Each structure stands twice: as structure tokens, then as C-alpha cells.
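Inspection log for the structure reproduced underneath, given as C-alpha cells.
The values are calculated or read from the model by the stated rules, or taken from the named source; none is laboratory data. The structure presented is a predicted model; accordingly, all values stated were derived computationally and were not measured. Neighbour counts are summed over all protein chains in view; Cβ atoms, including those assigned to glycine, are modelled from backbone coordinates with ideal geometry. Ligands, DNA and RNA are excluded from the accessible area calculation, which covers all protein heavy atoms including side chains. Shrake-Rupley method; radii C 1.70, N 1.55, O 1.52, S 1.80 Å.
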Amino acid sequence: MITSFDQKKIINILFIAAVVILVVNLVLNKFFLDNNEKNIELTTAEIDSTFRLALFNLGIHEEWIKKQKGNENPVNLSVRIPNDLPIVLVLQEMNNVFDTNEVKINSVEKKIGGSTSLKLISGKEVRLNANLVYNDKIRRKTARVGFIVNRTDIDTEYDSLLLEYPEQFAIMLIPSENSAKFVKKILKNGKEYIVYLNEIDELKYKLSDNYSPIRLKNSIREIVGTFPQAVFFLIDDKSSLYNLNVYPLLKEELEKRKIRLIEESSFKNLTSLEKENSFEIFNNALDNLNWGEDKVYIISAEDFLSLNPEIIKYRKLGYRFTNPSALLF
């Protein structure tokens, strides 16, 4: 039997244990809070470097950033901003590169469409002052890019991702019953499509250099009737279709219907055989574009979807991504 003495002893032990646990928690909390407070303060040099990185991400050139005379802490900068870059995007990028637990960003628009002042604060001290001033004499590199995404009947696993993808592009379809069903979803989701002519398997759409002119015309009629809203027709100019028996008749029949026929070799193909090279191929292609140039590329569905981070990066720099129809016609 437990005596009253034993009960009091147990209660005292539990009370002491609770007090010890409470004290330990208070000490640990203070220790971690002190450490966190030490970690949230960035130096002026760190903030200056990250601030410039945000500007470079938006296509701002080094020569557009001028350091003003004065103390090193805080650093004072004057930044020329091109007219095509809204200040709201600059502030958005600042919030992307800085941890708001470490740096607070205060902005004041002095004049609409004129200038905005920024203060970057860390550890309760202003570390950087920047005056962002619009200038109509500077330009970021601009180029317009369109994508023809090669979607085959075996690529159906990417269909929903392509339809939900926010960028504008055209989907390349080989004539087939599967493609005919997919067209309805393409149009419903506000995308555009292109009919691709190469080695067609399904009999009613098949084009063969062994066919008579009448049979070829029947196949062409089936293709045009099934895909009436195609932006244009694309022909594999390395296939057997591109010969004296098929191509002239095909071109004539499509011209009668005012349908454009374009050779595949007119467009650079960015599809990579090795997945790890897709980013490099894409970056090289876009970096080599001239100022103000329009370019349309062919790319596989898989590579196109994987390049979303790169597309976002180039959009920030001032590149525009749009439908191929807007660039070609």
C-alpha cells in the first residue's frame, strides 16, 4: 500500500522534474533565438552583391548601375531602368533573391513612371540605398521566340501537361485518329496546332509515292477535312514525300485551299538526344539571337516541359514567347 508520505514524495519529484524541464526549455529557446538573431543579419557587401544579381536576372547591365559618392555603409546606388521593365517586376525579383527574414525592402515611388527609391535593411540598419530611374535611351536585349512542340501518338503521357502549360506554343500532330481526338482538347485550351507530314501509318491519311494522283488527292482531302484549323502544314523534306511524285501535287492541293506548306528544315530543332544537354542547347540558341530577332524552334514535348525554368529566366531578361503563327504570318 502507498502511504501518504510516498504520495507526497512522488508529487515533489514530479514538481521538481517539471520545473527542471521548463528551465531547460527556456534556456534552449533563448540559445536558439540568439543564434537566429545572429544569422538574420547580412553585411552590406552581401546585400550589394545579391541586389546586383537581382538586377542582372532582369537584363540590367553593369554599366547601368552607378555607385554614388559617400560612405561605404550604407552603399548608395543609382540604377537606370529601361522603359519596358515595370518597377513591380524589379521588386518581385528582389523578394525572390532575398530572404525576408534577413532583409527588409522598403520602396517609395517618387514619381509614376519616373523614379523609385529602395532601402534594404538588415539587422535594423539600412545597408543599401538605391534610386531606380527610368531612362528611355537604354534597351534590354529583346527577341521573340515561338515553339513547335513535337507530340507523337506515343507521347500521350504529356498531353495534360501540354494543355495546362501557361506559355503560348503550337503542337505538331501527325495525322491519325488519336490526333484527331486530341485536336478538340487543343482548341478548347486555347492552343494552336500544326499538321506534320512524314511517314503516315493510318491508311486513310497515308501519302505514298506509289499512289495514283486520285488516291493522293483522297488522302489529302481526308487530312484537310480532319484538321481544318491547322495553322499550317509542315513537311519532312528528308522523307519520301518530298519527291517529284508527291510534293508538287500536295503543294498544289494545299494552295488551292489556301493552306501554307513549310519545309521542316526551315526551323532549327532543339531536341536533345541526351537529356542533360537540353538546357545547354536551349541557352545557346537563345543567347545567339540578335536584338529584335524572331525565331521559331521545333522541340520534343519532353524537352519543352523540362525547360520551364529556363523560359522563365529568359522572360525576365526581356524575351517574349508567343505562338509561331504570330511570328511567321
*asked:* If I go through region 97-121 residue by residue, how many of them are open to solvent by less than 70 Å² (accessible area, probe 1.4 Å), closer than 20 Å to Ser78 by Cβ and among the charged types (D, E, K, R)?
replied: 0
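Per-residue answers, yes or no, for (1) under 26 Å from the mean Cα position of the chain (by Cα); (2) among the polar types (S, T, N, Q):
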| site | (1), (2) |
| --- | --- |
| Ile174 | no, no |
| Val183 | yes, no |
| Glu202 | no, no |
| Ile214 | no, no |
| Arg221 | no, no |
| Ser239 | no, yes |
| Asn243 | no, yes |
| Leu250 | no, no |
*Just need a number here: residues in region 196-231 that are of a type outside the set (S, T, N, Q), part of a loop (DSSP other than H, G, I, E, B) and touching a Ser or Thr at 6+ places or on another chain (Cβ under 8 Å).*
10
*asked:* Out of everything in region 63-87 that is at pLDDT 95 or above and open to solvent by 50 Å² or more (accessible area, probe 1.4 Å), what residue ends up being farthest from Leu118 (Cα to Cα)?
replied: Glu63
*How many residues, within region 267-307, are assigned to a helix (DSSP H, G or I), over 20 Å from Arg320 (Cα atoms) and open to solvent by 70 Å² or more (accessible area, probe 1.4 Å)?*
3
*Tell me which residues, restricted to region 241-261, are surrounded by fewer than 18 Cβ atoms within 10 Å (Cβ to Cβ) and under 22 Å from Ser325 (Cα atoms).*
Lys251, Glu252, Glu255, Lys256, Arg257, Lys258, Arg260, Leu261
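For region 165-195, which residues satisfy the criterion of being in a loop (DSSP other than H, G, I, E, B) and touching a residue at least 24 places away in the same chain (Cβ under 8 Å)?
Tyr165, Glu167, Gln168, Phe169, Ile174, Pro175, Ser176, Asn189, Lys191
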*Could you grab me the full set of residues in region 122-133 that are touching a residue at least 12 places away in the same chain (Cβ under 8 Å), out of contact with any Pro (no Cβ under 8 Å at 6 or more places or on another chain) and either open to solvent by 40 Å² or more (accessible area, probe 1.4 Å) or closer than 21 Å to Pro82 by Cβ (or both)?*
Ala130, Asn131, Leu132, Val133
*Quick one: is Val231 of a type in the set (A, V, I, L, M) and modelled with pLDDT under 95?*
no
*Out of all the residues in region 181-222, which are within 30 Å of Pro166 (Cβ to Cβ), touching a Leu at 6+ places or on another chain (Cβ under 9 Å) and buried (at least 16 other Cβ atoms within 10 Å of the Cβ)?*
Phe182, Val183, Ile186, Lys191, Tyr193, Ile194, Val195, Tyr196, Leu197, Asn198
